[in-house]
Each structure stands twice: as structure tokens, then as C-alpha cells.
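These notes are about the structure you will find just below.
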Amino acid sequence: ERPLYAILKRGLKRNRPADALPGFESFIVPADQFSFPSGHTSGAFLAATATGWIFPALLVPLYLWAALVGTSRVFLGVHFPSDIAAGALMGTSIGLLAISVLSSGLPI
């Protein structure tokens, strides 16, 4: 997940809301310069997907937690909603891909 995140972040170089919207200020100082995709959100959805596979009864609470992580990034002013959507899609997709590979029985 991190290599794809880094490629997208550095390749697309989308400004954060505070840099893109005149007069807008975020509540925190982000760790890096660019906003797309949200790394916090992709990591949260990857963790929710993987943990939910191991503990299926926790799947809904895990995805709610991951959604709250993403929502918090918008409320903190460091991401646009589309950054969150991309991070959620990326984290979930990579989690499902990993589960598929691990479930296939192929040697890794």
C-alpha cells in the first residue's frame, strides 16, 4: 500500500486545502505537502479489511472506525473528500488483493 501511496502522492502533487483554497486554514500541520490520496485513510481501510477477514464479527465496527479516520482528516482541514474516497478505495482494494493471494494457497 505504501509504494502506491507514495507514487500517487508524489506523482499527482495535489495541494492540500490550506494551499489550494484562499483564506482556508487547517487545524493541524500535515506531515507532508500533498493531499491525494489520504494515507491515514488508506492505512485504516487496509487494516479494517485485513482484520475483518480474521475477525468477521468485527467487520462493520472496523469499517466504521476507518470511515471516522477519513472523516477526521477532512474536518482537520488536511484533505478533500476525494482524497478520502481514493484512500478508502486503495486501502480496501489492496487488503482484498492480499487476502486473495493469501487464500489462494500459492507459495509467497
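Throughout, read-outs are computed from the coordinates displayed, never taken from laboratory work. None of the values given here were measured: they were computed from a predicted structure. Heads up, the Cβs are rebuilt from the backbone with ideal geometry, glycines too, and the neighbour counts pull from every protein chain shown.
If I filter region 85-108 down to residues being touching a Phe, Trp or Tyr at 6+ places or on another chain (Cβ under 7 Å) and of a type in the set (Val, Ile, Thr), which single residue comes out as nearest to LEU4 (Cα to Cα)? Once the filter is applied, the top-ranked residue is THR92. Within region 74-108, the set of residues being farther than 23 Å from ILE28 by Cβ and surrounded by 14 or more Cβ atoms within 10 Å (Cβ to Cβ) comprises LEU89, THR92, SER93, ILE94, GLY95, LEU96, ALA98, ILE99.
Applying the set (1) free of Cβ contacts under 8 Å to residues at least 60 places away in the same chain; (2) β-branched (Val, Ile, Thr); (3) surrounded by 19 or more Cβ atoms within 10 Å (Cβ to Cβ); (4) part of a loop (DSSP other than H, G, I, E, B) to ILE28 leaves exactly one unmet item: (3).
Within region 31-50, the residues that satisfy the criterion of being crowded, with 17+ Cβ neighbours inside 10 Å and of a type in the set (Gly, Ala, Ser) are SER35, SER38, GLY39, SER42, GLY43, ALA44, ALA47, ALA48, ALA50. As an exercise: evaluate VAL78 against (1) without any contact (Cβ under 8 Å) to a residue 60 or more places away in the chain; (2) closer than 20 Å to LEU8 by Cα and give the number of the one condition it does not meet. Every condition holds for VAL78 apart from (1). For PRO61, the criteria (1) within 30 Å of SER103 (Cβ to Cβ); (2) in a helix (DSSP H, G or I); (3) in contact with a helix residue (DSSP H, G or I) (Cβ under 8 Å, 6 or more places away or on another chain) hold in every case but one, which is (3). Residue count for region 52-73, restricted to those that are surrounded by 17 or more Cβ atoms within 10 Å (Cβ to Cβ) and of a type in the set (Val, Ile, Thr): 1.
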